[in-house]
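Beneath this line is the structure, given in structure tokens, with notes to follow.
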Amino acid sequence: MKKLYTTFVLLLVFTLGFSQNENESQPIPSDVENEKSNFSLDYYFGIGMLYTDALDINPYLSESNVPTVRRFPFEFSLGMTGDFGKNRIDLDVGFYNQERERDNFGHKVNSANLTLRYLRNVVQFENKNQIFIGAGLSYMTSELEFFDKSETIDLEDPESFGDLAKLNNNQFYVSPGIGYSILSSKDNEEHLRIQLSYDINITNSSWDSDYARVSNSKDETGNRFRLQLIFPF
């Protein structure tokens, strides 16, 4: 995990340095140069929905009478945005939880997503609204727990501790995306950004467990769409 955070920080520093050097190399009027040299940092919260490819582990769950994992989780996220000229960098953390039961069988999924995203303003309308395009790098970690409630737990009999399994999965995604920002015509402040990205799985990691060996594990190869409504504060 330390290597992951170090990579994100290095990417952030590199992108900032590259954008600043690009701006300095262009001869522009002094008032525009001052505007481009300004850097602002804002925070936001977001709500969103993911449309994911079906999990590759779903057929195994069905064979065990466990309901499959749905493909439409809803997400809550917190993040910060650095703006400098036409450039923008986001760093956010998203979370979602979903549960499903059928008869005595069920599952619970907890997931966290860390995203570093670079965007560039390519269109600015007369009403000051803006369109951004760019790409990001995302790291997602998920925990899948599935169970059978018909089992009985006898604390004096360790062999009767029930049919319960916990599996972990971690993936990296490359995420091209587009954003539409709605700004106030009076104070030029962003009120809402609609952000759509397509996350391409680049690791295809398999499921493992902190508590047992996993035989015949299945790689997760799916991609996903991610739609966010971002509210600065």
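Among the numbered conditions (1) within 22 Å of PHE72 (Cβ to Cβ); (2) open to solvent by 20 Å² or more (accessible area, probe 1.4 Å); (3) in a strand (DSSP E or B), the only one that TYR173 does not meet is (2).
Residue by residue, here is whether (1) over 18 Å from ASN129 (Cβ atoms); (2) at pLDDT 95 or above holds:
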residue	(1), (2)
ILE194	no, yes
TYR198	yes, yes
ASN201	yes, yes
ASP210	yes, no
LYS218	yes, no
ASN223	yes, yes
ARG226	yes, yes
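For region 63-90, the set of residues classified as open to solvent by 20 Å² or more (accessible area, probe 1.4 Å) and of a type in the set (Phe, Trp, Tyr) consists of PHE72, PHE74, PHE76, listed by residue number. Only one of the listed residues (GLU145, GLU159) is within 25 Å of PHE72 (Cβ to Cβ) and either modelled with pLDDT of 95 or more or not in a strand (DSSP E or B) (or both). That residue is GLU145.
Per-residue answers, yes or no, for (1) farther than 19 Å from ALA135 by Cβ; (2) modelled with pLDDT under 95; (3) buried (at least 16 other Cβ atoms within 10 Å of the Cβ):
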| residue | (1), (2), (3) |
| --- | --- |
| GLY48 | no, no, yes |
| LEU55 | yes, no, yes |
| LEU61 | yes, yes, yes |
| ASP92 | no, no, yes |
| GLU101 | yes, no, no |
| VAL109 | yes, no, yes |
| ASN121 | no, no, yes |
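If you filter region 136-156 down to residues that are more than 30 Å from the chain's Cα centre (by Cα) and open to solvent by 30 Å² or more (accessible area, probe 1.4 Å), you find that the one that is nearest to THR203 (Cα to Cα) is LYS149. Looking at region 158-173, is at least one residue closer than 20 Å to THR81 by Cβ and in contact (Cβ under 8 Å) with a residue 60 or more places away in the chain? Within region 158-173 (the criterion being closer than 20 Å to THR81 by Cβ and in contact (Cβ under 8 Å) with a residue 60 or more places away in the chain), the answer is no, since none of the residues qualifies.
Looking only at residues that are assigned to a strand (DSSP E or B) and in contact with an Asp or Glu (Cβ under 6 Å, 6 or more places away or on another chain) in region 177-219, which one is most open to solvent (accessible area, probe 1.4 Å)? It comes out as SER206.
The values are calculated or read from the model by the stated rules, or taken from the named source; none is laboratory data. Just so we're clear, the structure is a prediction, and the values are computed from it rather than from any experiment. Using ideal geometry, Cβ is built from the backbone for each residue, glycine included, and neighbour counts are taken over all protein chains shown. SASA here: full protein model, heavy atoms, side chains in, ligands and nucleic acids out. Shrake-Rupley method; radii C 1.70, N 1.55, O 1.52, S 1.80 Å.
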